[in-house]
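For reference, the structure discussed in these notes is given below.
The values are calculated or read from the model by the stated rules, or taken from the named source; none is laboratory data. For clarity, every value in this text was computed on a predicted model and none was experimentally measured. Cβ placement follows ideal geometry from the backbone for every residue including glycine, while neighbour counts extend to all protein chains displayed. Only protein heavy atoms, including side chains, enter the accessible area calculation; ligands, DNA and RNA are left aside. Shrake-Rupley method; radii C 1.70, N 1.55, O 1.52, S 1.80 Å.
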Amino acid sequence: MTPTLKLLTRPRVAGIAASLALCALASPASADVDITVRADQPGDTISKYVYGQFAEHLGRGIYEGIWVGEDSDIPNTDGFRDDVIEALKPLKIPVIRWPGGCFADEYHWRDGIGPREDRPVRINTHWGWVEEDNAFGTHEFMQLVELLDSEAYIAGNIGSAPPVDMAQWLQYMTADDDSTLAQERRANGREEPWEVAFWGVGNETWGCGGNMTPAYYTDLYRRYSTFLKTPPGTRTKLVASGGQNANTDWTEALSAGTKDAGFFFKIDGISHHYYTLPTGDWGKKGAATGFPESEWISTLQRTLMVDSHLDKQEAVLDEHDPDGDIGIYLDEWGTWYDPTEGSTQGFLEQQNSIRDAVVAALNFNVFHEHTERLHMANIAQTVNVLQAVLLTDGARMVKTPTYHAFQLYVPFQDATFLPLELDDVPDYEVGEVSVPHVSATAALATSGELVIGLVNLHAEDTIDVKVSLEGFEADTAVATVLTGASMDAHNTFDVPDAVTPAALDVDLDGDDELELELPARSVVVVRLTP
Ligand code: AHR
């Protein structure tokens, strides 16, 4: 049988999932996959910002998850959990989005500055109707950003606050003069202005952010962004609040409706959200553990839809912004399951299994294919909420499989994308649902290593993969695998290493060919030194 070759490269004409599926249709029954990495055809830089995080005032995400306060028995520095901060550092988190989410559009920044004992107590009306004592505010968030050597992405309130509040918050943070706002920041303990890299103008304004229409929000965005100014010589990127899933109305309205905007107007990106539900039904999303194989595969199939969702936004932007000035900010993505039994309503707590790690790696592989327009992605959410990288219980903390997927993919941050040719990728099918058996990505890391990310989507079967290198001579090859004993294998506080990275055998034949066997339900990263 003649093998089918498909070049995965850019500019893209079809999504990675579609490309892989096409290969699969014409592929022979063999379980082997041949991959050629075209190191001789380097592409664009994979922005490190697609490895961003999102941390909202929601449930135990900030309070308890990150911040316990100075008086806590849980070991902390200035109120920040030591275990969580130490665990997050190796992920080299490039950017953190805060304070929401839906919370952003009911948050007033003044509630979270000044002496903590004087800060007002509000109700978090979106998430559990619980008291919010504002102990964690702007100064605490920026300290977190600095502790993690990260960058700030603030989501401002457009839903329930006037433009002057958003403008003054930005000035409070960035002013380097004798203005009253700068003096107030200094009096509150921060002498130097902060660098605020990114600023979101509202969140989900089609829903919790104000139930607006695309046209109404586009006008509001024009108005608010006019007043979002930083001192001369500094620059904060402005991100408009966009749509979700396959919907392009918001991208359309914003990119078409801001073309003629004049003085002081800025738009650097449009946000987009996509959550993966195993069933696609918000009423019964599907369980985080103890699910059938039909929900294993439907989750993977649904998460791969991110590729076509991004394609659709890109097509709109290519029409209205052919110069490529406006980026897509996928500032909320991840799995969303039925909540853990017994957890507080509205806290969005869920367990995290090897399925989540596979979901994460599939998303990374897709993100790499969209480097031109995809300027940022932020997983929801960092600790204890939705597809978290860390879970805590009192003083205990555990790294989730998603954490390990993020760590394995660190070398892809700011790496140079390399196209792949994939040959003979079989389908993996359960009932009517079908996904490719294997997903792959490759890049030239800033360290000089060639790095390959591989995902075996099959719940039960291993698969042999042969990789040929064009334009790169490898001296050594090291492979690391993340897999679990079952489809829902996960880490608990008592067994924290049930799903943890391990070495995987890889045969390097000569300097340009390698062979390895991918275990079922696995994420594998191979690092090749020149
Ligand atoms: O991440 C949880 C919520 O999901 C966010 O607050 C909101 O923006 C989205 O609907």
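Key figures for this structure:
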quantity	calculated
Pairs where the first residue, in region 102-125, is under 22 Å from residue 332 (Cβ atoms) and in a loop (DSSP other than H, G, I, E, B) and the second is open to solvent by 20 Å² or more (accessible area, probe 1.4 Å) and within 16 Å of the ligand (Cβ to nearest atom), C-beta under 8 Å, 6+ apart	125/106
Strands (runs of 3 or more DSSP E) wholly inside region 356-455 containing at least 3 residues that are touching a Gly at 6+ places or on another chain (Cβ under 8 Å)	374-380, 416-418, 438-444
Residue in region 375-386 that is away from the ligand (no atom under 16 Å from the Cβ) and buried (at least 18 other Cβ atoms within 10 Å of the Cβ) present	yes
Region 226-235, subset in a loop (DSSP other than H, G, I, E, B) and open to solvent by 20 Å² or more (accessible area, probe 1.4 Å), residue nearest to the ligand (Cβ to nearest atom)	227
Candidate set from region 236-261 (those that are aliphatic (A, V, I, L, M) and either more than 16 Å from the ligand (Cβ to nearest atom) or in a loop (DSSP other than H, G, I, E, B) (or both)); member that is modelled with the lowest pLDDT	261
Failed item, numbered, when residue 98 is tested on (1) open to solvent by 10 Å² or more (accessible area, probe 1.4 Å); (2) in contact (Cβ under 8 Å) with a residue 12 or more places away in the chain	(1)
Residue within region 327-344 that is open to solvent by 30 Å² or more (accessible area, probe 1.4 Å), in the same structural domain as residue 274 (by TED's automatic domain parsing) and away from the ligand (no atom under 16 Å from the Cβ) present	yes
Qualifying positions in region 77-121 - more than 14 Å from the ligand (Cβ to nearest atom) and at positive phi	78, 79, 92, 114
Lone qualifier among 328, 267, 297 - being assigned to a loop (DSSP other than H, G, I, E, B) and either among the hydrophobic types (A, V, I, L, M, F, W, C) or at pLDDT 95 or above (or both)	267
Extreme residue, nearest to residue 122 (Cα to Cα), among residues of region 52-65 that are open to solvent by 10 Å² or more (accessible area, probe 1.4 Å) and part of a loop (DSSP other than H, G, I, E, B)	59
Options 165, 149; residue that is away from the ligand (no atom under 16 Å from the Cβ) and over 23 Å from residue 383 (Cα atoms)	165
Set 288, 261, 246, 253: member being touching a residue at least 60 places away in the same chain (Cβ under 8 Å), among the small types (Gly, Ala, Ser) and more than 20 Å from residue 367 (Cβ to Cβ)	288
Flag if residue 302 is modelled with pLDDT of 95 or more and either part of a helix (DSSP H, G or I) or not assigned by TED's automatic domain parsing to the domain that holds residue 369 (or both)	yes
Neighbours by Cβ (under 6 Å, 6+ apart or cross-chain): first from region 265-284, within 16 Å of the ligand (Cβ to nearest atom); second open to solvent by 20 Å² or more (accessible area, probe 1.4 Å) and not in a strand (DSSP E or B)	274/245; 275/336; 276/302; 277/285; 277/336
Test: residue in region 66-73 that is open to solvent by less than 10 Å² (accessible area, probe 1.4 Å) and within 16 Å of the ligand (Cβ to nearest atom)	yes
Where a residue in region 60-85 is in contact (Cβ under 8 Å) with a residue 60 or more places away in the chain and its partner, wherever it lies, is part of a helix (DSSP H, G or I), with Cβ under 6 Å and at least six apart	66/84; 75/82; 85/147
Scope region 445-473; condition crowded, with 16+ Cβ neighbours inside 10 Å and more than 14 Å from residue 36 (Cα to Cα); matching residues	445, 449, 455, 456, 457, 458, 459, 463
Matching residues in region 198-225 - criterion: being surrounded by fewer than 18 Cβ atoms within 10 Å (Cβ to Cβ) and within 24 Å of the chain's Cα centre (by Cα)	207
Hits in region 497-510 (condition: in a loop (DSSP other than H, G, I, E, B) and surrounded by 15 or more Cβ atoms within 10 Å (Cβ to Cβ))	498, 499, 501, 506
Number of the exception - residue 357 against (1) among the small types (Gly, Ala, Ser); (2) open to solvent by less than 10 Å² (accessible area, probe 1.4 Å); (3) within 16 Å of the ligand (Cβ to nearest atom)	(3)
Residue count, region 181-225 (criterion: within 16 Å of the ligand (Cβ to nearest atom) and assigned to a loop (DSSP other than H, G, I, E, B))	11
